[in-house]
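Input: a single structure, listed below in structure tokens.
The values are calculated or read from the model by the stated rules, or taken from the named source; none is laboratory data. Since this is a predicted model, take the numbers as computed values, not measurements. Every residue, glycine as well, gets a Cβ built from its backbone with ideal geometry; the counts of neighbours run over all protein chains shown.
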Amino acid sequence: MKITFLGTGTSYGVPVIGCECEVCRSSSSRNKRLRSSLLITIDSKNILIDTTPDIRAQLLKTKIKHLDAILFTHYHADHILGLDDVRIFNRIQKTSIPCFALKNTIDTIKTIFEYAFNPNTPEGGGLPQLTLNIVKDSFDLFGTQITPVPILHGNLSIIGFKWKNFAYVTDCSFMPEDSKKLLYKINTLVLNGLRYRPHSTHYSISESLDVIKQIQPKRAYLTHISHDVDHENLKINLPDNVKIAYDRLTFKIND
Ligand SMILES: [Zn+2]
Ligand SMILES: [Zn+2]
Ligand SMILES: [Zn+2]
């Protein structure tokens, strides 16, 4: 199983348009964060989590040649607005792409991308062809089981995704005990850590570190990070098993 971070930034991305702060002006590639998205490759199948507004640049930079499935954590703009760009894979692969999400995310996708599901839309430049599947419980994808991890994002119920040894959880502001149990002592956990100050709908860095301490993963990566966080400054203050994810960070883990 190969993990590639396509983006690790919060909804504005980093640098933030119009911002002159130190992190936004930094020349370090570690401080340049496209919107949060992850690619998982299992047995040569490419599974994308979330389709950000930066998707085209992300897929070009990682030289992805095919896309086999898409998982959505939730329906916010920074997680779905790039969906139209997957139509190139429909053209290349000549098949529909299976998508998995909660019902409210699927309903929002059908509203925002109405033209893609409307049989009366003229075909012209090509339309995304998507097979939408509602996630209610664990499901099998390409012979591997994926379990949704229920969390709260402010008042909104959303999901992360767990494989046997790996889980991706972003945009979390509250994790129920059952979800912590589900992730307990997992090999690799990705969890959002927005900034140092508290935020109403995202874990701050210290809240995220608290939850990581409770879950006790072998290693954890922070993602969905704002321009308040300088990579090197945060790095020196993290526990040994916690790292900061950055764009195009890639590693392998045993399935
Ligand atoms: Zn987000
Ligand atoms: Zn800034
Ligand atoms: Zn969100």
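Of note:
- With respect to (1) within 15 Å of ligand 1 (Cβ to nearest atom); (2) touching a Cys at 6+ places or on another chain (Cβ under 6 Å), the lone exception for Leu130 is condition (1).
- Annotation note: Cβ proximity below 8 Å between a residue of segment 140-168 that is closer than 15 Å to Tyr75 by Cβ and a residue that is assigned to a strand (DSSP E or B) and among the polar types (S, T, N, Q) (sequence gap 6+ or interchain) occurs for Ile151/Ser157.
- Residue selection: Phe72 fails the criterion of being surrounded by fewer than 20 Cβ atoms within 10 Å (Cβ to Cβ), in contact with an Asp or Glu (Cβ under 9 Å, 6 or more places away or on another chain) and hydrophobic (A, V, I, L, M, F, W, C).
- Within segment 86-101, being surrounded by fewer than 16 Cβ atoms within 10 Å (Cβ to Cβ) and either small (Gly, Ala, Ser) or over 12 Å from Gly126 (Cα atoms) (or both) holds for Gln93, Thr95, Ser96.
- Leu60 vs. criteria surrounded by 23 or more Cβ atoms within 10 Å (Cβ to Cβ) and within 17 Å of Thr250 (Cα to Cα): no
- Of the candidates Gly143, Gly160, the single residue that is among the small types (Gly, Ala, Ser) and under 19 Å from the mean Cα position of the chain (by Cα) is Gly160.
- Of the residues making up segment 37-58, those that are among the small types (Gly, Ala, Ser) and either under 15 Å from Arg87 (Cα atoms) or outside any loop (DSSP other than H, G, I, E, B) (or both) are Ser37, Ala57.
- The listed residue being in contact (Cβ under 8 Å) with a residue 24 or more places away in the chain and farther than 19 Å from Arg30 by Cβ, out of Ile205, Ile215, Ile225: Ile215
- Residue under evaluation His231, criteria (1) out of contact with any Lys or Arg (no Cβ under 6 Å at 6 or more places or on another chain); (2) closer than 22 Å to Leu6 by Cβ; (3) more than 15 Å from ligand 1 (Cβ to nearest atom), criterion not met: (1)
- Residues located in segment 184-194, provided they are more than 14 Å from the chain's Cα centre (by Cα), without any contact (Cβ under 8 Å) to a residue 60 or more places away in the chain and surrounded by 18 or more Cβ atoms within 10 Å (Cβ to Cβ): Ile186
- Taking the listed residues Ile92, Ile109, Ile70, Ile97, the one that is closer than 29 Å to Ala220 by Cβ and modelled with pLDDT of 95 or more is Ile70, with no other qualifying.
- Residue check for Lys136: within 30 Å of Val16 (Cβ to Cβ), in a loop (DSSP other than H, G, I, E, B) and among the basic types (Lys, Arg): no
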